[in-house]
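Below is one structure, written out as structure tokens; the observations come after it.
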Amino acid sequence: MKDSIKEQLSVLLDDELDEAEQALLLRQLSRNPELCSRLSRYQLISDAMHDNLPRCVDPAFHTRVTAALPAQGPARAAAPVASRLLRPAAGLALAASVAVVAVVSLQNVREQSPASPQAVASAHTADGYIRAQDTPVPVASVHTAPGLDIYLVNHNEYAVNPGMQGMLPYVRIVGKETQLSGDAAGSE
Amino acid sequence: MRCLLIVLLAASTQVVAGDSARQWLDDMSGALQNLNYDGTFVYLHDDHMEAMRIIHRVDEVGQRERLLSLSGSAREVLRDDRTVTCILPDNKSVMVGQSRPSQPFPQLPKDLDSISRYYLLEDVGDDRMTGFPARVIAITPRDRYRYGYRFWVDKDSAMLLKSDLTTVDGKPIEQVMFTRLSIGADISEDDLQPSMSGDGYEWSRQMDGGKQARSPDSSPGWVVRRLPDGFNLTHYQHRPMRKGRGDAQHMVFSDGLATVSVYIEDADKIRDPLSGLSGMGAMNAYGTVIEGYQVTVVGEVPPATVEMVAGSVSRGAQDD
Amino acid sequence: MGERSIDQALVERVQQGDKQAFDVLVLKYQNKIIQLAYRYVHDHEEAMDVAQEAFIKAYKSLGNFRGDSAFFTWIYRIAINTAKNHLVSSARRPPRTDLDARDAEQYDGATGLREYATPEHELLRDELKETIAGAISELPDDLRTAITLRELEGMSYEEIAQAMDCPIGTVRSRIFRARDAIDMKLKPLLD
């Protein structure tokens with residue numbers, strides 16, 4: 001093996017190889033396993049000097065990885081969030097705030113009538129789970145009101161969420177039975 | 001491997017209870033953000049029980065989550081590091097917003113230190129939950145102006161199993177409890193996609209908030225004179241609440257754990273102003289009119305706190 | 001010196017379908033990633049499995065790599081998440097604090113705890129370290145200086161040329177010859 005190509009390996013490792021040389025060298029690496037082994041050993045020298053050698057050294061590791069790579073190339077892009085959703089052809093209309101939608105979703109679920117027995121009949125209530133009214137606070141009754149939801153949704157974005165991280169605000173939104181109301185979105 | 005375990009166990013018994021609580025909370029926060037999990041949980045509040053499923057995956061592009069309702073209609077929320085998409089089949093709408101970086105649980109030592117001025121952090125001990133051995137961590141407020149928390153944390157993965165939001169006396173107001181949970185397994189792309197196509201739905205996009213000056217010097221012209229100890233202004237915005245409703249001044253105060261929002265709007269522009277106390281689950285609100293302005297205070301704090309704060313809002317400069 | 005870092009150039013090649021370019025990336029970072037995985041799973045075989053999985057995940061989603069951070073930082077994060085999920089799915093607790101990428105560079109590998117290691121593997125690592133250290137000490141001064149400035153001081157060729165008061169071509173040659181000399185002693189251990 002010529003010194004000149006071995007030297008190029010060394011320069012490649014130091015990130016000092018110019019682009020023209022890079023292309024050529026990479027092509028040769030793909031044809032020459034011995035060149036690859038040498039590169040791997042040069043890297044090992046560097047790792048040893050930095051004390052980055054794992055306890056188990058396996059110079060053939062990279063071949064094992066390459067062998068396990070899928071046949072097709074890397075994906076162009078991951079499926080975006082909600083890719084299954086059919087997006088409208090036109091752009092998205094701007095809404096004043098997320099509350100526009102939430103108005104409907106949060107509309108007064110806290111009915112005056114007591115919840116049906118099934119709703120809370122479970123071992124969970126044995127934990128001492130109670131309604132907010134039972135808190136030792138001198139308040140007649142606490143109930144949802146129309147017009148509350150817009151503040152709740154907005155405020156939710158700022159709440160610190162020790163549990164569930166960012167999802168708890170959405171748990172509160174998703175956890176509401178939707179009620180179609182006369183107060184259609186955006187009509188205020 | 002055995003030796004390793006013994007050494008670790010020995011080390012852990014020396015840890016002080018408060019430090020231990022902090023460590024568990026820190027680990028829990030890390031688990032919620034870094035692990036793959038797929039579980040069904042119940043969300044209890046105000047006499048209602050909702051069942052939901054959450055799927056969370058971390059991969060090379062970051063975090064992705066899907067939250068879907070299992071009771072009633074199939075509402076879903078999908079989230080990644082950039083976008084939040086809320087799908088509401090009942091009114092055939094899809095709302096897309098910017099993914100707010102999830103306010104992480106205070107993790108920095110200094111944050112947890114300042115919180116311990118107002119809350120007692122305790123490692124309460126062992127329990128079992130959802131079939132996992134769990135550690136119970138309590139955050140108990142030191143006064144009646146705040147709510148507390150109780151977490152059941154899986155001892156192996158530090159994953160959250162159950163959380164209670166409680167009154168100062170420890171009674172739960174809101175509960176999230178996993179009834180089934182799988183941790184660490186691979187999550188398929190299919191599981192992260194919504195179950196509906198949204199065909200024919202109306203789409204809308206959330207407007208960005210107005211300027212977000214954090215400094216109190218942006219003089220909203222109003223001052224909040226009574227706040228529980230430790231609550232400081234963390235955000236201030238001047239932004240429209242809703243189309244056709246005019247601007248609201250919005251101040252956010254926090255003690256590091258609880259947050260309270262104060263909204264001030266022109267009372268004439270509001271069709272259904274809040275008056276007095278109302279709330280939902282752990283969130284309480286108080287509405288009143290002061291000098292022609294609708295003042296609304298909202299937060300995960302007891303009703304007495306929002307009432308106190310609302311009553312203390314007046315014109316002036318926040319310099320006292 | 002190339003305008004873009006070699007890593008960025010390699011990533012782009014992989015995105016265009018060049019698997020060999022990915023092989024080079026693996027070669028560059030395999031030891032660091034295996035070592036990182038080991039600190040979580042404390043088992044050699046499993047560390048390699050985790051590392052392999054991490055590289056494969058990285059490959060599959062390289063289309064999404066935006067290049068706004070370094071490739072190493074990116075694969076590092078993938079490796080940590082892979083290790084943690086491994087631990088958790090086999091009912092073990094992930095360690096308390098994440099290892100910062102910066103700390104990992106300085107971490108000397110000694111944990112103070114007894115770790116399970118098969119004798120042959122450990123022997124090889126120690127032998128490699130000794131051989132390399134020995135070979136470096138036997139290098140002629142100019143070669144040893146050149147490779148030390150490059151590896152331990154992290155200086156660029158340009159900076160080394162200034163420090164050693166010689167042309168860049170000479171720097172390039174000296175570093176190569178240092179590596180070549182060390183490699184002569186290394187190769188028999190690994191074949």
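Figures for the structure shown
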read-out: For B:154, B:90, order by how many other beta-carbon atoms lie within 10 Å, fewest first; value: B:90, B:154
read-out: Two-site label geometry, residue B:275 and residue C:129: point separation in nm, points 7 Å out along Cα→Cβ; value: 7.8
read-out: Peptides ranked, highest mean first, by Cβ atoms within 10 Å: ranges C:79-86, B:285-292, C:17-24, B:134-141; value: C:79-86, B:134-141, C:17-24, B:285-292
read-out: Theoretical FRET efficiency, 1/(1+(r/R0)^6), r = Cβ-Cβ of residue B:113 and residue B:226, R0 30 Å, to 0.05; value: 0.75
read-out: Residue order, fewest to most surrounding Cβ atoms within 10 angstrom, among B:197, C:156; value: B:197, C:156
read-out: For B:281-294, mean number of other protein chain Cβ atoms within 10 Å; value: 3
read-out: Per-residue average of Cβ from other chains inside 10 Å of B:77-89; value: 5
read-out: Cβ-based exposure ranking for A:1, B:280, in which fewest neighbours within 10 Å come first; value: A:1, B:280
read-out: Whole-Hz ³J(HN,Hα) from phi, Karplus 6.51 cos²θ - 1.76 cosθ + 1.60, for the range B:148-161, glycine and proline x; value: x, 9, 9, 10, 9, 10, 4, 5, 7, 9, 6, 6, 5, 10
read-out: Restraint check, C:32/C:185; A:2/C:60; C:57/C:185; B:171/B:269; C:57/C:129; B:92/C:60, Cα-Cα greater than 27 Å; value: A:2/C:60; C:57/C:185; B:171/B:269; C:57/C:129; B:92/C:60
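All of the numbers you see were taken from the coordinates with simple rules; none came from a lab. Not measured: the values here are computed from a predicted model. A quick note on method: Cβ atoms are made from the backbone with ideal geometry, for glycine too, and the neighbour counts reach across all protein chains shown.
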